[in-house]
């Protein structure tokens, strides 16, 4: 006999007066009216001091447990009818999910002193887990089941399960029963794909919540530490812990959430949130501790929660990277591995500015190891982009006091040689850390930070742990709390004391006057005449300075060796006379002018090439009239046949010449009307002419030719002037 799903099954109902009728298996008629007792968190240590507080909570907790037991004992069709048509039941279950303490709350200062409270709370959690296990399963037995399509529509449309509840389920049930929780959540996402679409919106909503937390952190950082701001600080620390733990729990139980979260850019926001908000709150907390506003218990609790928040933020980020980038490469399925590599480059290139997060992430999950995975899988890793990321990480490590943790890369030269050790990490990753020598004062501060949170540890044991974990307090605390210490550290006595180190004697630096003739500490008498303040005057007076020709003689010897200067001295009588005979070897050649035979009188005139700075218009050489007298030529020409340059003209002649030019210009312009002058000026400058295809005037063609001929003439003239001055 083939069983019919519950949504299609009819059940017999005994009505009033013994009348029996058939009704659907999932119907409001099966719902029972019941009052549900809301769950209350266990009382804190301060509340347990009150008389009757423990008994009152135990009685209330017993009522909550009885409600859950009654719900579990219902048959399948009545259970789902009650769940679907009783809105108070959904609020009751939702309240327990929200109010029940998380696993990180059990280790806080609000831990329970009564064993009865712990037992009762554990029983409530167990019953709640069974209820949601029944809700997340569409097939209880071979005869009690839903069709997957109807079940997926039911839990989604009736809001029996939504993403906030799923996140609470992951966060609450992951520590107690991780394997079954993974199957529960995977079954829900399998039968209803619309939850995956909601994950994208959830990522954006969590990102907005992270931005709001950053604004609150900035507001709190601008205010002075005071007792009235303590509640705001506690709320902010609690939010950081809750959002990081919830996000990590969701990704740990359902890694497939990494894909829609990456599409929403959640991993980028998480890295920025870590760098700005979590570390910002930690700095604010340190200010409160320095101001002695917080008690030791409060500061220890806040620091502990912040370390957990940092740790789980990195784990959540790693899960997204593994699911989207590393798992496709290591899997045997046919997927786009190049796309996974490109996604890996895109993620870490974007978060390079989040230096603190990148350093903490690399200390736990080495980026060099990830690149080795890509290379071993046969992918072509771009070396330029790879070294860009690794070099930025190396610079960040040096700038922040961290050492270089990149294997296979060239280490920077430094005065301290790090010792590299291989440290096994959880999650299948191996991080390479190195020890860095720290100053004594800084090391004492780090040891005190660890012992403030874990006072039962010895200073010697803490020092060895810090050396192994790269002097990171949060890593040491997490490793101790999680029981994940390296083997050589786990075998040590945790109460080990610190060994005293004898300080090395400091050698005094040598003084300027150390046992010489001017040392006043070792001599009683000093020759003051040998002490001179300022520069000494080598010459007695100015005449001695002018008569000193040492520099001139040295220059003369240098030029004589080069053969540039030739001095000839001849004896005339009894006196020496300097003879410098004029050399007229090249007087016949017109230096800088045209050669006489460079062209024929009847041929084409010489034109200087354009490449050498000449134009297309030949130079006009004005030949002198043969009728000029020799006397005039002698006056106009110099010794070498060229007209001497007049460096100092008479200003009166210059003014007369300028006046003559002005008068000529005015006389030319007076003959034509102003309109004609303007038209003539425009026509002489017109290079545009008529539209294309209508022909051009001769003057336009001439203007165009003139413009092309003179184009760049000013640049050439300027270059010639610079060259003449020896500028290049």
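Every read-out reported here was derived from the displayed coordinates using simple, explicitly stated rules and does not represent laboratory data. Predicted, not measured: the structure shown is a model, and the values here were computed from it. Virtual Cβ from ideal backbone geometry, glycine too; neighbours counted across all protein chains shown.
I need the shape label for the range 163-250. Rule: rounded when a/c is under 1.5, else prolate if a/b > b/c, else oblate, with a, b, c from the alpha carbon gyration tensor. The shape class here is oblate.
Extension gain residue 659-residue 122, at 0.36 nm per residue separation less the Cα-Cα distance, in nm? Before the final figure, lay out each step's value.
On the way: separation 537, 0.36 × 537 = 193.32 nm, distance 11.53 nm.
Using 0.36 nm per residue and subtracting the Cα-Cα distance, I get 181.8 nm.
The spacing between the range 72-101 and the range 272-309, judged by their C-alpha centroids, is 39 Å. Counted by neighbouring Cβ atoms within 10 Å, the residues 525, 475 run from fewest to most as 525, 475.
A simple spin-label model places the labels of residue 140 and residue 44 4.1 nm from each other, with each point 7 Å out along Cα-to-Cβ. Arranged from fewest to most other beta-carbon atoms within 10 Å of their beta carbon, 299, 193, 244 become 193, 299, 244. Reducing the range 195-227 and the range 44-69 to their Cα centroids gives an inter-centroid distance of 34 Å.
Can you work out the FRET efficiency for the pair residue 287 and residue 187, with r the C-beta to C-beta distance and R0 = 41 Å, to the nearest 0.05? Working shown, then result.
Details: r = 48 Å, r/R0 = 1.17.
Working from the Cβ atoms, E equals 0.30.
Sort 11, 184 so that the residue with the fewest other Cβ atoms within 10 Å of its own Cβ comes first and the one with the most comes last. Please list the in-between numbers first.
Working: 11 18, 184 23.
Least to most surrounded, the residues fall as 11, 184.
Here r is the Cβ-Cβ distance between residue 157 and residue 297 and R0 is 45 Å; the resulting FRET efficiency, rounded to 0.05, is 0.40. With each label modelled as a point 7 angstrom along the Cα→C-beta vector, the residue 684-residue 346 pair spans 6.7 nm.
Under the classification rounded if a/c is under 1.5, otherwise prolate if a/b is larger than b/c and oblate if not, where does the range 1-114 fall, given a ≥ b ≥ c as square roots of the Cα gyration tensor eigenvalues?
Numbers: a/c = 3.98, a/b = 2.55, b/c = 1.56.
Prolate.
Quickly work out the residue 222-to-residue 448 label distance, labels modelled 7 Å from Cα along the C-beta direction, and quote it in nm with one decimal. Reported label-point gap for residue 448 and residue 222 is 3.2 nm.
At 0.36 nm per residue, and after removing the present C-alpha to C-alpha distance, how many nm does the segment from residue 63 to residue 544 gain when stretched out fully? Fully extending the segment from residue 63 to residue 544 adds 161.5 nm. Note on residue 150/residue 21: beta-carbon distance plugged into 1/(1 + (r/R0)^6) with R0 of 35 Å gives a FRET efficiency of 0.90.
Remark: the residue 532-residue 4 segment gains 178.4 nm on full extension, using 0.36 nm per residue and subtracting the alpha carbon distance.
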